[in-house]
């Protein structure tokens, strides 16, 4: 057993078909941009990216602040901006490392490809081929330049361009954003300010409230049981195994808890986030 510590871990309301029928990972949105509002580049072209790197770990036991984790080894990786009912796919290696390439094989098929759009937020999930569990979750920000990429990190502020690791805190935050986002419409993943999510992850690790501690413990219990964490099935797979009501109920309780650090969507949807990462 060991205590999980995360090194680092760090889309939009529209998707468009690219020339050649490639699926764009997101259109305009509020997840990235300069520290001003509205963004000076609200609808960047869906350009191919060399890929996003990260490391995924599943939490399988423990209660706050001590958790047992292990690499999400040789897992399937699914990622999505939430702008449509489509995701991209990849895989982890034996150490839980992933490289999300762009374009990637989409889910569901037969769409030809899924392309990362710079300046967007993406939820990233590692899970076994059975699609049940245990699972690891995080959120990444794709910069215009790979050195600006970010992943959520519970240990310190994210360092751009450096591979980050998921843990129970990034999983909790990513589950919350997923639960409270309307995929294929407003409040997709990119309607949330990445920097605000990151601040909440730091708060979750340092000083969680009772409702958040319960969520962590139930994430660990689900992981130990090899069970899904999805509070509801994603648009890309209606048959996705979902968690018992426990995770969904925990997320509702967290939303209603007295934690002022809990993120809220950008007030006017895509393009209205301020204080966002450098694109």
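Coordinate-derived values only; no laboratory data. It should be emphasised that the depicted structure is a prediction, and the values quoted were computed from it without experimental measurement. All Cβ positions, even for glycine, are placed from backbone atoms using ideal geometry, and neighbour counts span all protein chains on display.
I need 122, 178, 169 ordered by Cβ neighbour count within 10 Å, fewest first. Present the calculation step by step, with values, prior to reporting the outcome.
Working: 122 27, 178 22, 169 31.
If I rank by nearby Cβ atoms, fewest first, I get 178, 122, 169.
By counting other Cβ atoms within 10 Å of each Cβ, how are 166, 268 ranked from fewest to most?
Result, fewest neighbours first: 268, 166.
Given R₀ = 22 Å, what would the calculated FRET efficiency be for residue 207 paired with residue 264, taking r from the Cβ atoms and rounding to 0.05? Show your work: numbers first, answer last.
Numbers: r = 19 Å, r/R0 = 0.88.
In this case the efficiency is close to 0.70.
Gain in length, residue 249 to residue 131, computed as 0.36 nm per residue apart minus the alpha-carbon separation, to one decimal in nm? Show your work: numbers first, answer last.
Working: separation 118, 0.36 × 118 = 42.48 nm, distance 2.10 nm.
Length difference between fully extended and current span is 40.4 nm.
When the chain is fully extended, how far beyond the present Cα-Cα distance does residue 93 get from residue 225, taking 0.36 nm per residue of separation? Present the calculation step by step, with values, prior to reporting the outcome.
Details: separation 132, 0.36 × 132 = 47.52 nm, distance 2.21 nm.
Taking residue 93 through residue 225 to full extension adds about 45.3 nm, to one decimal.
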